[in-house]
Amino acid sequence: MSLCSEVLILNKYFLAVKVGIAKDAICALYTGKASVIDETYTIRNLNEWIKYSSLIDNLPLEAAKYVGKISSPSISIYIPRVIKIDTTAGIEIIKTVKYSRYNIYKRDGNKCQYCGTKCKNNIRTLDHVHPKSKGGKSTWENVVTSCKYCNGKKGSQTLDTLGWQLKKQPVAPEWKSHIGTPFDKVQNEYWKNFL
Ligand SMILES: [Zn+2]
């Protein structure tokens, strides 16, 4: 989903500091805490980015550099690939990793936390470790990536009943774990200009 696509975040000194998600990057842009920066190092604030977005609608090669557009009745913009935080306050709003299906898969490296299988989309699902029917919550600590096979087998049983163990204890990821990812491993050609 494009609102979950990754956006490289530069600090005000143009240093790459984080990988964030598009939704938060756009939020920072809307609130004037960040600007979009393209591979020619041109910086555009929200209004300039709106204008530029309508311009590249007619330039398929330029438009293809972006993962998609978001549109509201009043505004239509391309999802930025790189943003630059303009204030120190700006960094705060992208500090936490949002609880989402996508981010749980990402945290678990797409691996089933019961059998360890690397899950392709067609067998990948989420599972409540402590079953939902027994009061298990939808939180970072209780939801893990599971293959459909283990998910089906587990049903509403607990791990104790089954004698199963988790591959690793599920926790909420911190941003530092993203910073710890060497940027040269990031599979994004577009970012290379900034790293
Ligand atoms: Zn499994």
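We did not get these values from a lab; they are worked out from the coordinates using the rules stated. Please read all numbers here as calculations on a predicted model, not as lab measurements. Note that we place each Cβ from the backbone using ideal geometry, even for glycine, and neighbour counts take in every protein chain shown.
The figures follow:
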| read-out | value |
| --- | --- |
| Sorted peptide list for 104-110, 140-146, criterion being average Cβ within 10 angstrom, highest first | 140-146, 104-110 |
| Percent of beta bridges antiparallel (DSSP, the chain, rounded to nearest 5) | 85 |
| Between 0 and 90°, nearest 10: helix 46-56 axis offset from the chain longest Cα axis | 90 |
| For the chain, built as a Gaussian network whose Cα springs stay under 10 Å, the top-fluctuating residue of 34, 172, 22 | 172 |
| Gaussian network model of the chain, Cα within-10 Å springs - most flexible of 127, 86, 160 | 160 |
| Net charge contributed by nearby residues that have their C-beta within less than 15 Å of residue 58 (K/R +1, D/E -1) | +1 |
| Relative contact order for the chain, counting Cα pairs under 8 Å that sit 6 or more residues apart, in percent | 20 |
| Inter-label distance for residue 47 and residue 120, nm, one decimal - labels placed 7 Å from Cα along Cα-to-Cβ | 5.0 |
| 14 Å beta-carbon shell around residue 2, net charge (K/R +1, D/E -1) | +2 |
| Local electrostatic count at residue 124 - Lys and Arg +1, Asp and Glu -1, tallied over other residues with Cβ under 10 Å | +4 |
| Most mobile listed residue (54, 74, 100) in the chain, GNM with C-alpha springs under 10 Å | 74 |
| Percent RCO, i.e. relative contact order, over the stretch 101-162, from Cα pairs under 8 Å lying at least 6 residues apart | 35 |
| Listed residue pairs exceeding 26 Å between alpha carbons, taken from 132/167; 23/168; 23/132; 12/51; 23/65 | 23/168; 23/132 |
